[in-house]
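Heads up, the thing below is written out as structure tokens.
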Amino acid sequence: MTTEKVDEVVKEPPSPATPADRERMRKRAARRRAGGWWPFIFLAPWFIGIFGLTIYPMLDSLYLSFTDFNLLTTTPAKWIGAQNYTHMFGDDPNFWNTVHVTLLYVAVSVPLKLALALGVAVLLNRPLRGLGLYRAAFYLPSLLGGAVAIAIMWRQIFGGDGLFNDVLGWFGIKGQDWVSSPNTSIYTLILLAVWQFGTPMVIFLAGLKQLPKDVYEAAAIDGAGVFTRFFRITLPLLTPIVFFNVVLQIIGSFQTFTPAYVISNGSGGPIGSTMLYSLFLYKEGFNYFHMGYASALAWVLFLVIAAFTALNFAASRFWVHYDD
């Protein structure tokens, strides 16, 4: 046998000995090809949801942001280019008041909430009797804080005849209607947000449980006090958890709607002092039916949140410390 024939014999794939073997191999290959579709079949509900409930509505709202569209009329959306955005940034004073109120709300509520959550988590990270009960009690406001009933209760507490003024009266201090005053109404919303510190507290508590004990033991032997251990050990090791909570809380604060709507009776008053951005967006879209303008507002909010998130990630490399 020549070398060429030997090579042909070597390169030729072996074939089944009988027709029955060939038939079994064909059926096995067909089953493998059919089985390759099963992952896509199981993922189909997710694909339908992401495209039908997220991507398509976002693209539709992006188109509407460049149109004049009234939700109550049957007139199709009229293309007006960037007029919604130029009106927003140049001709709408309510927009800039909303931006000021929202930035004040985010800048004050987020640090206070995280500081309180971390402080309570440190206190609960100790062997105490009935610790589970304390954790549940501190987490309860986060479960109830977004409810309409809690916002109504908050409005009653800080009203003219509310509980807060009764407590001030014990010390001889004359109270006021804190909700109806333009100088204090936004701070009642901030106080409500800080009161809902349970979710970041639980996350901080989970992070504290993972910190190495031997580092604290070595620091105690070296004579480090409580505050030294907190600022030199606990806080640096906890910075990834702090970063995670900061990102989540900033995003959530920009989207706050229910407390502002309920406490101000949907008006954003008095004189726009509680007009958070999400409430302003809602009123433009569903009170005045300016759906094109509301879509432009929504996209600006999306870009602002994305910018703040990107800045947080960019700055995290300077203060967030990971294991490596």
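The values are calculated or read from the model by the stated rules, or taken from the named source; none is laboratory data. Since this is a predicted model, take the numbers as computed values, not measurements. In this analysis, Cβ positions are derived from the backbone assuming ideal geometry, glycine residues included, and neighbour counts consider all displayed protein chains.
Residue 256 fulfils the conditions (1) more than 23 Å from the chain's Cα centre (by Cα); (2) under 30 Å from residue 182 (Cβ atoms); (3) not hydrophobic (A, V, I, L, M, F, W, C) except for a single criterion, (1). Taking the criterion of being among the small types (Gly, Ala, Ser) and crowded, with 16+ Cβ neighbours inside 10 Å, the only residue of region 95-110 that qualifies is 109. Residues that are more than 30 Å from residue 238 (Cα to Cα), among the hydrophobic types (A, V, I, L, M, F, W, C), at pLDDT below 90 and in a helix (DSSP H, G or I) are absent from region 176-183. With respect to (1) under 15 Å from residue 115 (Cβ atoms); (2) among the hydrophobic types (A, V, I, L, M, F, W, C); (3) in contact (Cβ under 8 Å) with a residue 12 or more places away in the chain, the lone exception for residue 215 is condition (1). In region 56-70, the residues that are over 14 Å from residue 297 (Cβ atoms) never reach a residue that is in a helix (DSSP H, G or I) and among the aromatic types (Phe, Trp, Tyr) with C-beta atoms less than 7 angstrom apart, at least six apart or across chains. Of everything in region 71-94 that is aliphatic (A, V, I, L, M) and surrounded by 14 or more Cβ atoms within 10 Å (Cβ to Cβ), the residue that is nearest to residue 298 (Cα to Cα) is 88. Of the residues making up region 273-316, those that are in contact with a Gly (Cβ under 9 Å, 6 or more places away or on another chain) and not in a helix (DSSP H, G or I) number 3.
Against the test of being out of contact with any Asp or Glu (no Cβ under 8 Å at 6 or more places or on another chain), at pLDDT 90 or above and either closer than 29 Å to residue 55 by Cα or not aromatic (Phe, Trp, Tyr) (or both), the options 316, 264 yield a single qualifying residue, 316. Of the set (1) crowded, with 21+ Cβ neighbours inside 10 Å; (2) free of Cβ contacts under 8 Å to residues at least 60 places away in the same chain, all apply to residue 310 but (1). Here 190, 186, 150 are screened, and the one residue that is assigned to a helix (DSSP H, G or I), modelled with pLDDT under 85, surrounded by 17 or more Cβ atoms within 10 Å (Cβ to Cβ) and of a type outside the set (Gly, Ala, Ser) is 150.
Taking (1) modelled with pLDDT under 95; (2) in contact with a Ser or Thr (Cβ under 9 Å, 6 or more places away or on another chain) in turn, residue 221 satisfies each apart from (2). Number of residues in region 121-140 that are in a helix (DSSP H, G or I) and basic (Lys, Arg): the value is 1. Can you confirm whether residue 207 is under 15 Å from the mean Cα position of the chain (by Cα), closer than 17 Å to residue 125 by Cα, crowded, with 16+ Cβ neighbours inside 10 Å and at pLDDT below 95? Criteria not met by residue 207.
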